[in-house]
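A.B. asks: I am attaching a structure below and will ask some questions about it afterwards.
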Amino acid sequence: MDWSQLASELEGNLVLPTGTTYDLLRQPFNQRVDQHPAAVARCVSEGDVTACVRFAVANELAVTCRSGGHGAEGYCSIDGALMIDQSAMQEIRIDTEAGLVHVGAGSSWGQVDIATYPRGLASPGGGCAAVGVSGLTQGGGFGPISRTWGLTIDNLVSARVVTSRDGRPVVADADQNQQLFWALRGGGGGNYGAVTQFTYQLRPIGAALLGGMLVYAWANAAQVFAFYRDWMNGDNDERLTLLPMFFFGPDNQPLCGISAFYNGDPGAGLAYIQGILQAASMPTPINGEVDQVLTPGTLPAYTGTESTTAWPGSGQYWRSGFLNNDFPDAAIDTFLEWFARCPLPPGRPAKSGDPLQKQPDLSFGFIESLGGAIGRVAPTDTAFFWREQLFSFSFIGIYDPADSAWGTQTQQWADRFRAAMEPWFCGGVYVNYMQAELQDWQHAYYGDNYEPLRAIKAAVDPSHTFRFPQDVAQ
């Protein structure tokens with residue numbers, strides 16, 4: 001294979017499997033993944049991406065795409081494939097007159113928020129500022145303002161995509177390449193081509209919004225999650241997004257909390273939250289009174305604060321599933337019991353610091369909220385099928401990849417934990433939290449939309465150039 005031909009066509013550079021640079025580029029954020037692509041193309045333009053796709057088709061070479069590199073299974077890095085690394089393609093252009101933002105595929109969602117928020121505008125993105133726009137969007141995308149304005153894909157206006165069928169960029173929107181546009185909205189990143197740019201609808205947003213984290217003692221955890229479940233199943237305010245979590249504090253003892261974000265007037269939001277907590281006879285958070293913990297701030301500040309600190313240098317086992325909307329107290333008891341069994345490294349000392357804060361490198365779990373505007377779109381209107389679910393339940397087993405015994409214990413714990421929760425899952429899994437061990441992943445990720453997605457994949461990627469272990473060609 002003549003790699004020099006491809007290298008000569010790139011504005012960026014081609015990195016072959018030698019040296020430290022290659023080892024850094026091939027590694028996704030999950031250090032459990034140890035794959036060796038045939039080469040990494042560090043693309044800086046749409047022309048670079050086009051050259052890579054054409055080269056791959058001509059040489060019958062598999063292609064994977066990397067933007068944020070945040071995928072749970074690290075499928076952007078595959079043995080023997082050409083990795084199209086778009087992480088340098090971070091141009092963001094705002095058209096305030098049209099109410100649109102054009103975003104390069106290598107951008108993080110935090111960059112989008114920082115660009116749009118000072119103008120009083122935002123588009124629904126992820127709750128973690130570091131997540132890449134490309135993977136987030138193609139999987140669906142939910143975060144702090146999604147219950148108000150819908151999923152990220154519900155605000156996607158168009159995308160520019162380089163497909164193996166066309167060998168050039170095409171526009172996918174409501175008028176052109178409509179089937180491809182449907183598939184890109186929830187059909188999983190990296191399946192149909194290399195997206196180079198996304199255009200999103202912007203929404204008005206307040207200059208100051210209410211946010212913060214209410215931390216509770218582990219003894220109150222069952223009450224915390226029951227309150228959250230009941231509120232979500234009731235007549236709730238879709239401007240409020242709650243994110244309950246369970247985690248370890250610096251003393252290595254489990255804690256729970258509710259991260260809250262109110263997309264509206266901070267005073268009204270505080271009064272509303274205090275009211276629902278009081279109605280449920282919730283205890284006072286151990287980190288302070290509610291009006292001390294929940295304070296006015298910005299959307300970028302909230303998502304930046306909520307960004308997890310678990311990634312650098314850690315190995316991870318992600319386990320996830322959409323919970324039945326009416327999950328009972330027994331489900332809560334089960335996941336609290338299993339989290340308390342989480343394997344910690346022998347002899348690990350407690351870390352100094354605020355005992356109410358999360359350990360930066362230990363296992364944790366959370367439930368992400370759907371509902372509101374998300375549920376007002378039909379399951380087949382986009383490729384994101386699980387519109388009727390309210391709860392995406394996830395936990396992440398974190399371990400030091402240098403400690404193989406800890407890694408083995410963590411995987412066994414994660415597998416048994418998820419098996420214990422199986423009675424209360426609806427059968428669906430958020431595709432952005434891929435899990436290699438899922439038997440029926442096709443239905444779990446895509447529900448009844450899988451067969452249409454396979455047909456679209458066959459049409460736009462007839463050479464099956466874009467491939468990885470769970471791509472929709474299977």
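The values are calculated or read from the model by the stated rules, or taken from the named source; none is laboratory data. Since this is a predicted model, take the numbers as computed values, not measurements. Here Cβ is always computed from backbone atoms with ideal geometry, including for glycine, and neighbour counts include all displayed protein chains. For accessibility, only protein heavy atoms count, side chains too; no ligands or nucleic acids. Shrake-Rupley method; radii C 1.70, N 1.55, O 1.52, S 1.80 Å.
A.B. asks: Would you pick out the residues in the stretch 271-293 that are under 13 Å from Thr241 (Cα atoms) and open to solvent by 40 Å² or more (accessible area, probe 1.4 Å)?
C.D. replies: Listed by number, the list holds a single entry, Tyr272.
A.B. asks: Let me spell it out: the conditions are (1) modelled with pLDDT of 95 or more; (2) within 26 Å of Pro144 (Cβ to Cβ); (3) surrounded by 20 or more Cβ atoms within 10 Å (Cβ to Cβ), and Ala373 meets all of them except one. Which number is the exception?
C.D. replies: (3) is the only condition that Ala373 fails.
A.B. asks: Now for a separate question. Report, ordered by the first and then the second residue, all pairs with beta carbons closer than 6 Å, sequence separation of six or more or different chains, a first member in the stretch 46-63 that is surrounded by fewer than 19 Cβ atoms within 10 Å (Cβ to Cβ), and a second member that is part of a loop (DSSP other than H, G, I, E, B).
C.D. replies: Note: pairs meeting the criteria are Arg54/Gly167; Val57/Ser164; Val57/Ser463; Val57/Thr465; Asn59/Met1.
A.B. asks: Identify, from the list Asp361, Asp354, Asp381, Asp326, the residue that is without any contact (Cβ under 8 Å) to a residue 12 or more places away in the chain and either acidic (Asp, Glu) or crowded, with 16+ Cβ neighbours inside 10 Å (or both).
C.D. replies: Being without any contact (Cβ under 8 Å) to a residue 12 or more places away in the chain and either acidic (Asp, Glu) or crowded, with 16+ Cβ neighbours inside 10 Å (or both) holds for just one of Asp361, Asp354, Asp381, Asp326, which is Asp381.
A.B. asks: Let me ask another. Using the structure shown, decide if Leu299 is open to solvent by less than 20 Å² (accessible area, probe 1.4 Å) and either over 30 Å from Asp34 (Cα atoms) or in contact with a Phe, Trp or Tyr (Cβ under 8 Å, 6 or more places away or on another chain) (or both).
C.D. replies: It is true that Leu299 is open to solvent by less than 20 Å² (accessible area, probe 1.4 Å) and either over 30 Å from Asp34 (Cα atoms) or in contact with a Phe, Trp or Tyr (Cβ under 8 Å, 6 or more places away or on another chain) (or both).
A.B. asks: Please state which of the following conditions Ala383 fails to meet, knowing it meets all the rest: (1) small (Gly, Ala, Ser); (2) in a loop (DSSP other than H, G, I, E, B); (3) out of contact with any Phe, Trp or Tyr (no Cβ under 9 Å at 6 or more places or on another chain).
C.D. replies: Going through (1) small (Gly, Ala, Ser); (2) in a loop (DSSP other than H, G, I, E, B); (3) out of contact with any Phe, Trp or Tyr (no Cβ under 9 Å at 6 or more places or on another chain) one by one, Ala383 breaks only (3).
A.B. asks: Sticking with this structure for a sec: Which ranges mark the strands (runs of 3 or more DSSP E) fully within the stretch 46-136 that have 2 or more residues being farther than 30 Å from Thr305 by Cα?
C.D. replies: Of the strands (runs of 3 or more DSSP E) lying wholly inside the stretch 46-136, those with at least 2 residues that are farther than 30 Å from Thr305 by Cα span 63-66, 82-85.
A.B. asks: Here are Ser77, Ser87, Ser8: which of them is closer than 22 Å to Thr196 by Cα and crowded, with 24+ Cβ neighbours inside 10 Å? Walk me through how you get there before you give the answer.
C.D. replies: On the way: Ser87 fails: crowded, with 24+ Cβ neighbours inside 10 Å; Ser8 fails: crowded, with 24+ Cβ neighbours inside 10 Å.
Sole residue among the options that is closer than 22 Å to Thr196 by Cα and crowded, with 24+ Cβ neighbours inside 10 Å: Ser77.
Yes/no matrix, rows are residues, columns are (1) assigned to a loop (DSSP other than H, G, I, E, B); (2) open to solvent by 10 Å² or more (accessible area, probe 1.4 Å):
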| residue | (1), (2) |
| --- | --- |
| Arg416 | no, yes |
| Gly427 | yes, yes |
| Ala436 | yes, yes |
| Ala444 | no, no |
| Leu453 | no, no |
| Ala458 | no, yes |
| Ser463 | yes, yes |
